[in-house]
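Everything below concerns the one structure shown next.
The values are calculated or read from the model by the stated rules, or taken from the named source; none is laboratory data. Keep in mind that this is a model prediction, so the values were computed, not measured. Note: ideal-geometry Cβ built from the backbone for every residue, glycine included; neighbour counts use all protein chains shown. With ligands, DNA and RNA removed, areas are computed over all heavy atoms of the protein, side chains included. Shrake-Rupley method; radii C 1.70, N 1.55, O 1.52, S 1.80 Å.
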Amino acid sequence: MKTDIKLIDYLAVRRSIPAFQMAEPGPERAEIEEIIRLASRVPDHGKLAPWRFIVYRGEERARLGEELLKLALEAKPDLSEEMIQVERTRFTRAPVVIAVVSKAAPHFKIPEWEQLMSAGALCLNLLIAANAHGWVSNWLTEWFAYDERAYPLLGVAPGEKVAGFIHIGSSSFPPVERPRPELAETVTWVGGGDA
């Protein structure tokens, strides 16, 4: 994304790049911190910050892939060679993967649902902040976001949930538009009077 692009122009073409199309380089620590700082500016009723980040970089990504492969093989021992490679490379597709972890919990004033939505907003803001810094990005969940057997491996604590894994890197592939819903299919108008 160009640094001088207008926000409205960016929103008109915003597009995720598939993680398997990503490559090195990726952002360094200082830039990742700035991306996270910008992304954290989300709606957060009660100022609870009901989420946190886990940043996966370097060789640790390959180790995580091997461990996730073991879990996948426990569930499906007859995985094809192609799927074995897919499992092995879950975290090495992009140079940086950031987990957004929801810490939503019962609260006397703030509904848990609002806390969960704040984590979702955070995922989208991470995509936008990464793009604003010139990187491509993608928000994925994958099976291990929902499999608590993987949580200790990933650094997710009991009672937490994974809102998404944000993959960030570079790509030489051009973004390809995908079908978007028609407004007539997704919008209900109430009041107004203009036809």
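Of the residues M22, M83, M117, ranked by 1.4 Å probe accessible area with the largest first, the sequence reads M117, M83, M22.
Per residue, the chain exposes 61 Å² of accessible surface when a 1.4 Å probe is rolled over the protein heavy atoms with every protein chain present. From its DSSP helices (H runs of at least four residues, each -39,500 (n - 2.57)), the chain gives a residue-normalised ellipticity at 222 nm of -10500 deg cm²/dmol. Across the chain, the relative contact order, built from alpha-carbon pairs under 8 Å that are at least six residues apart, equals 33 percent. Once each part is reduced to its C-alpha centroid, what is the distance from the stretch 87-103 to the stretch 116-195 in angstrom? Computed from Cα coordinates, the inter-centre distance equals 13 Å.
Think of each Lys and Arg Cβ as +1 and each Asp and Glu Cβ as -1; about the Cα centre, that makes the dipole of the chain roughly 420 debye. Full extension of the chain between L38 and V190 yields a length gain of 51.3 nm, computed as 0.36 nm times the residue separation minus the alpha carbon distance. When +1 charges are put on Lys and Arg Cβ atoms and -1 charges on Asp and Glu Cβ atoms, the dipole computed for the stretch 38-108 relative to its Cα centre reaches about 500 debye. Projecting the Cα atoms of L122, Q21, G46 onto the dipole axis of the chain, where Lys and Arg carry +1 and Asp and Glu carry -1 at the beta carbon, places G46 farthest toward the positive end. Dimensions of the stretch 81-195 based on its C-alpha atoms, expressed as ranges along the principal axes with the largest first, amount to 58, 47, 31 Å.
Take H133: with every protein chain present and a 1.4 Å probe, its accessible area is about 60 Å².
Between D9 and L73, residue separation times 0.36 nm minus the direct Cα-Cα distance comes to 18.6 nm. P(r) tail, the chain: Cα-Cα pairs separated by more than 21 Å, 58% of all pairs.
Accessible surface of V176, taken over heavy atoms with a 1.4 Å probe and every protein chain present, rounds to 100 Å².
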